[in-house]
Amino acid sequence: MSTPISETSQYLTFKLGEEIYATDIAQVREVLEYTRVTKVPRTPEYMRGVINLRGHVVPVLDLKLRFGMERTEQTVNTCIIIVDIRMDDEQTVIGALADSVQEVIEMDAASIRPAPRIGTRLNTNFIRGMGKRDEEFVIILDIEEVFSGEELEALDTAIADQQETEASA
């Protein structure tokens, strides 16, 4: 279950399609221009592949595919948001593909509403809340809830297998 928002926080806003999303800036390491992503066999479609980030293998995940939208296409604005998430009491670094990064904004808890309840079949645990900037809604993500621990473990295994294959070649 996502953590409620109880104070003023800074968020990095980004676009997926026409919608504006945000994530807590404290979890963002950096934003990279889109670079070549190496596909890893036998991974889910939303797992676009891996990149080399200063000698570290970082999985790159397509948030649009994860949310049931169309695949993110590469444009001049496409970027990879590098975020830190906790998985089994360990920090894990992942890259999240976005159509474009907007800006860093501040929102106080009073201006953020809880995630809408959309029936029992749809899991909205990954939405921390709904904010408003000007006249547009901003969907605030709990980036740690977007991907389950089992999914990330499967990705880690696939990446380790890929590294072993490359090392033995």
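Flag not set for Glu151, criterion: modelled with pLDDT of 65 or more, under 25 Å from Val31 (Cα atoms) and among the charged types (D, E, K, R). Taking segment 71-114 as the range and being farther than 22 Å from Leu61 by Cβ and free of Cβ contacts under 8 Å to residues at least 40 places away in the same chain as the test, the residues that pass are Ala110, Ser111, Arg113.
Table: residues versus (1) surrounded by 13 or more Cβ atoms within 10 Å (Cβ to Cβ); (2) within 17 Å of Phe137 (Cα to Cα); (3) in contact with a strand residue (DSSP E or B) (Cβ under 7 Å, 6 or more places away or on another chain); (4) at pLDDT 90 or above.
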{"site": "Phe14", "(1), (2), (3), (4)": "yes, yes, yes, yes"}
{"site": "Asp24", "(1), (2), (3), (4)": "yes, yes, yes, yes"}
{"site": "Glu33", "(1), (2), (3), (4)": "no, no, yes, yes"}
{"site": "Thr38", "(1), (2), (3), (4)": "yes, no, yes, yes"}
{"site": "Val50", "(1), (2), (3), (4)": "yes, no, yes, yes"}
{"site": "Leu65", "(1), (2), (3), (4)": "yes, no, no, yes"}
{"site": "Thr72", "(1), (2), (3), (4)": "yes, no, yes, yes"}
{"site": "Ser100", "(1), (2), (3), (4)": "yes, yes, yes, yes"}
{"site": "Ala110", "(1), (2), (3), (4)": "no, yes, no, no"}
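Scanning segment 65-81 for residues that are more than 13 Å from Phe14 (Cα to Cα) and of a type in the set (A, V, I, L, M, F, W, C) returns Leu65, Phe67, Met69, Val76.
For Asp84, the criteria (1) among the acidic types (Asp, Glu); (2) crowded, with 16+ Cβ neighbours inside 10 Å; (3) touching a helix residue (DSSP H, G or I) at 6+ places or on another chain (Cβ under 9 Å) hold in every case but one, which is (2). Taken as a whole, the condition of being of a type in the set (A, V, I, L, M, F, W, C), crowded, with 16+ Cβ neighbours inside 10 Å, under 21 Å from Glu135 (Cβ atoms) and touching a Phe, Trp or Tyr at 6+ places or on another chain (Cβ under 8 Å) applies to Ile105.
The values are calculated or read from the model by the stated rules, or taken from the named source; none is laboratory data. As the structure is a prediction and not an experimental result, all values here were calculated from the model. Positions of Cβ are generated from backbone atoms using ideal geometry, with glycine treated the same way; all protein chains shown enter the neighbour counts.
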